[in-house]
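A quick write-up on the structure given underneath.
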Amino acid sequence: MTTAWLVLALGENREHGGNDGYDDNPAEHYSWDSTVQNHARVAVGDVIALWDRKELIGLSVIEAIDTGTAEKTLYFCPQCQKADIKRRQRQTPAYRCGQCRAQFDIPGRKTKTVTTYRSRHGKDWQDRRGLLTGAELRALCDSPKSQLSIRPARWEKLRDALRELTGELPWEPEDDERTPILGGHKLSNVRVRLGQSAFRARLLQEQGEQCAVTGAAPAAVLEAAHLYSYADSGEHHDFGGLLLRRDIHRLFDLGHIGVNPDSGLIDIDASLRSYPLYAQLQGQPMAVQLRPEHKAWLEAHWLSKRTPT
């Protein structure tokens with residue numbers, strides 16, 4: 001079974017136990033140490049999904065974990081000795097304790113020898129910024145209300161959520177090929193379908209936050225829809241895709257929604273016309289300007305998927 005981790009990546013702004021932060025580079029590596037809960041459970045071959053509390057940044061598969069030791073400065077509340085403190089940007093005193101609520105300008109400090117960890121995961125990095133919100137990511141975790149920087153997530157839920165948004169699996173881990181290596185880490189081979197993230201990003205840049213059938217819609221519900229069978233060609237053709245709302249994308253793939261090449265207008269299958277939400281689309285023009293290439297692909301889709309009514 002694939003193990004996945006949701007990890008907080010804020011660079012120098014990421015604090016744990018009143019420390020000085022970490023040198024994260026989400027697309028390449030992620031750093032933590034033995035003061036962080038779950039520090040020793042993360043392993044080579046695990047999926048690592050990085051977020052910034054507001055949204056998903058991206059995800060990858062851990063290729064290696066470099067370990068070492070370091071002297072770390074820890075800061076704490078001088079009154080209760082707890083490390084639950086944060087620097088305040090606009091208020092004085094500069095610090096406030098989350099435990100005893102004491103306020104102070106100078107925290108207590110001590111040094112501690114810690115084990116350091118740094119993942120290497122740049123090889124299979126997939127930029128997925130904004131595809132999932134912070135609330136959606138929390139819901140994918142074993143403990144949605146957890147405040148941990150490294151928290152276990154349900155790979156199956158994460159995989160399915162991304163598949164709904166992009167129309168494809170982010171990867172297909174081959175668990176039976178994992179081989180244990182020294183240190184308790186695991187090695188995993190993965191197969192990755194490339195290009196979907198860039199394809200969607202390009203469509204958003206070209207077309208904006210617009211479902212091509214229904215009009216303006218939040219980016220989070222828009223999927224990059226191929227106007228042809230991607231499974232057959234394996235290619236992202238220029239002007240071979242449009243942004244579609246999730247439900248519209250599904251119905252388009254099933255052939256229940258199409259564009260009549262004679263009129264250029266949206267045609268809704270008779271089976272959907274009892275639903276007002278879809279019936280109102282019948283005979284409407286597309287919500288975006290179509291290029292000749294789009295029209296050619298849509299005509300091919302019409303001929304292969306639908307019987308005009």
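Looking only at residues of the range 205-219 that are among the aliphatic types (A, V, I, L, M) and in contact with a Leu (Cβ under 7 Å, 6 or more places away or on another chain), we find that the one that is farthest from residue 244 (Cα to Cα) is 219. Cβ separations smaller than 7 Å between residues 6+ apart or across chains give no pair from the range 77-91 residues that are over 12 Å from residue 104 (Cβ atoms) and aliphatic (A, V, I, L, M) to residues that are part of a loop (DSSP other than H, G, I, E, B) and modelled with pLDDT of 90 or more.
What do you reckon, is residue 153 of a type in the set (Gly, Ala, Ser) and surrounded by 18 or more Cβ atoms within 10 Å (Cβ to Cβ)? Considered against the rule, which asks whether it is of a type in the set (Gly, Ala, Ser) and surrounded by 18 or more Cβ atoms within 10 Å (Cβ to Cβ), residue 153 comes out as yes. Pairs linking a residue in the range 57-70 that is closer than 7 Å to residue 120 by Cβ to a residue that is assigned to a loop (DSSP other than H, G, I, E, B) and of a type in the set (Lys, Arg), with Cβ atoms under 6 Å and 6 or more positions apart or on different chains, are 63/123. Residue 35: at pLDDT below 90, of a type in the set (Val, Ile, Thr), over 14 Å from residue 121 (Cα atoms) and not in a loop (DSSP other than H, G, I, E, B), yes or no? No: the conditions fail for residue 35. Consider the range 62-118 and keep the residues that are surrounded by fewer than 16 Cβ atoms within 10 Å (Cβ to Cβ), β-branched (Val, Ile, Thr) and under 33 Å from the mean Cα position of the chain (by Cα). The one that is modelled with the lowest pLDDT is 73.
Consider the range 183-235 and keep the residues that are of a type in the set (D, E, K, R) and touching a strand residue (DSSP E or B) at 6+ places or on another chain (Cβ under 8 Å). The one that is modelled with the highest pLDDT is 209.
From the list 265, 244, 290, 272, pick out the single residue that is buried (at least 18 other Cβ atoms within 10 Å of the Cβ), aliphatic (A, V, I, L, M) and either within 22 Å of residue 165 (Cβ to Cβ) or at pLDDT 90 or above (or both).
Details: 265 fails: buried (at least 18 other Cβ atoms within 10 Å of the Cβ); 290 fails: buried (at least 18 other Cβ atoms within 10 Å of the Cβ); 272 fails: buried (at least 18 other Cβ atoms within 10 Å of the Cβ).
Going through 265, 244, 290, 272 in turn, just one is buried (at least 18 other Cβ atoms within 10 Å of the Cβ), aliphatic (A, V, I, L, M) and either within 22 Å of residue 165 (Cβ to Cβ) or at pLDDT 90 or above (or both): 244.
Counted as qualifying within the range 64-143 are the strands (runs of 3 or more DSSP E) with 1 or more residues that are over 28 Å from residue 219 (Cβ atoms), among the charged types (D, E, K, R) and assigned by TED's automatic domain parsing to the domain that holds residue 32, namely 64-76, 108-120.
The values are calculated or read from the model by the stated rules, or taken from the named source; none is laboratory data. Since the structure is predicted, the reported quantities are computational estimates derived from the model, not experimental observations. Every residue, glycine among them, receives a Cβ derived from its backbone with ideal geometry; neighbour counts consider all protein chains shown.
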